[in-house]
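This report refers to the structure that appears directly beneath it.
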Amino acid sequence: MATRRLAYPAPALVGITDTNALASRACNAASASRREDLFTGLAFTGRSNTYVSAHVPGELIRHLGDVAEGFPGLDLRAAERALWGDIMPMVPVVDLAVGDYLHPRIRRVMHGDPALPRAVRGDPDDLGTAALAEFLAPSVIISADSVFTRLGMADTLATTWLPMAHGLLKMAGFEAAMSEVPWMLELAVRLLSVPAGAAAGAARRHPLAALSIGAAVLLIAGQAGYLRRARLRAAGRGIGRVTVKGAEALAGASSAHAEARRALRVIEPYRTPTVEELAARHLARVRVPMTIDALAAAIGSRGHDVSAAEIADAAGRHPAFRMSSGQPPVIGIGRPARGPAGLPAGRDEHGRSGSVGA
């Protein structure tokens, strides 16, 4: 994913999803004979990459068939192809350390005693999803499971999680587009500056020829009527109309973006982040491996004084990170999910081909 998409001023929100959301989207896509567009779309924007905890792939293998039974006539193999061939290559698995499951804000998730009132009852099966949301905060949990809403980590139920996720997709698409604008303007200036600079240099070397050419251009433009006052006024009005329409469209998109962001329950960072959290949060957003020095510089640009040695030490002790053996080594986060054997080859989160079999 292009790192310049992080240029939008608001923090990029990472999506954390679970077994039921992924399985239902795969079955929905397979039953309609189309490619899934929610989780793959979030990955495409580069602004809301989606991740799962380590327990999810195993649950998907065990329970995809149960979800598929809710789609009459659906061939399970078609659902498997949609899940493991299209969706999961875009949704990396992040392994967590034991300490990540002990975060003070998610301890309630472990309390699943049936004797507890439902409003405060957790579910230990969802502890990994909650822990990953804290680890990669700011994040949004994309799930239909009511436990996250009961415990204040989401605002969605079975009937509302999908509209929320599409709102996140729309918001991420707007942020990605706005992040491209400065880069496009910079590129345009560079492209225009080359011929403009060459023309200016030629004019300085040959001033008389430049004046002659300029006078000829003005003469031709005047004879063609382009310099008449009415033509100039009409051109100015046309430019004004285009500018107004563009401003109105941008204002409408900005309003829709703000509304979508307000509708999300965001899990914000809590307490002073650890070195592992700082590194993981940046890598989860850029979605490309980085050298340790580049990662330290990126974290430093956000106001955190962390050395490359500290990052290397923390990453070496935490299972979320993957470090290459090359020189200089690069560090990334997460790993490709592995599904049942015998399915078509897919791609990992960095676009590399590989079998999705176990």
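The values are calculated or read from the model by the stated rules, or taken from the named source; none is laboratory data. Note that the structure is a prediction, hence the values are computed from the model and not measured. Heads up, the Cβs are rebuilt from the backbone with ideal geometry, glycines too, and the neighbour counts pull from every protein chain shown.
Across the stretch 1-22, the qualifying residues are those that are surrounded by fewer than 18 Cβ atoms within 10 Å (Cβ to Cβ) and either at positive phi or touching a Ser or Thr at 6+ places or on another chain (Cβ under 9 Å) (or both), and the one among them that is modelled with the lowest pLDDT is Ala2.
Screening Asp126 against (1) at pLDDT 90 or above; (2) under 22 Å from Gly332 (Cβ atoms) leaves a single unmet condition, (2). The sole residue among Arg77, Arg47, Arg25 that is in the same structural domain as Ser143 (by TED's automatic domain parsing) and surrounded by fewer than 20 Cβ atoms within 10 Å (Cβ to Cβ) is Arg77.
Considering each residue of the stretch 82-99 in turn, at least one proves to be surrounded by 20 or more Cβ atoms within 10 Å (Cβ to Cβ) and of a type in the set (Phe, Trp, Tyr).
The set of residues in the stretch 138-163 that are surrounded by fewer than 22 Cβ atoms within 10 Å (Cβ to Cβ) and either more than 25 Å from Arg107 (Cα to Cα) or in contact with a strand residue (DSSP E or B) (Cβ under 6 Å, 6 or more places away or on another chain) (or both) comprises Thr159, Thr160, Leu162, Pro163.
Checked against (1) in a loop (DSSP other than H, G, I, E, B); (2) closer than 24 Å to Tyr270 by Cβ, Pro114 passes all but a single condition, namely (2).
Within the stretch 288-303, which residues are in contact (Cβ under 8 Å) with a residue 24 or more places away in the chain and surrounded by 21 or more Cβ atoms within 10 Å (Cβ to Cβ)? The one that is in contact (Cβ under 8 Å) with a residue 24 or more places away in the chain and surrounded by 21 or more Cβ atoms within 10 Å (Cβ to Cβ): Leu295. Taking helices (runs of 4 or more DSSP H) as the structural unit, those lying wholly within the stretch 34-107 and holding at least 1 residues that are hydroxyl-bearing (Ser, Thr, Tyr) correspond to 39-45.
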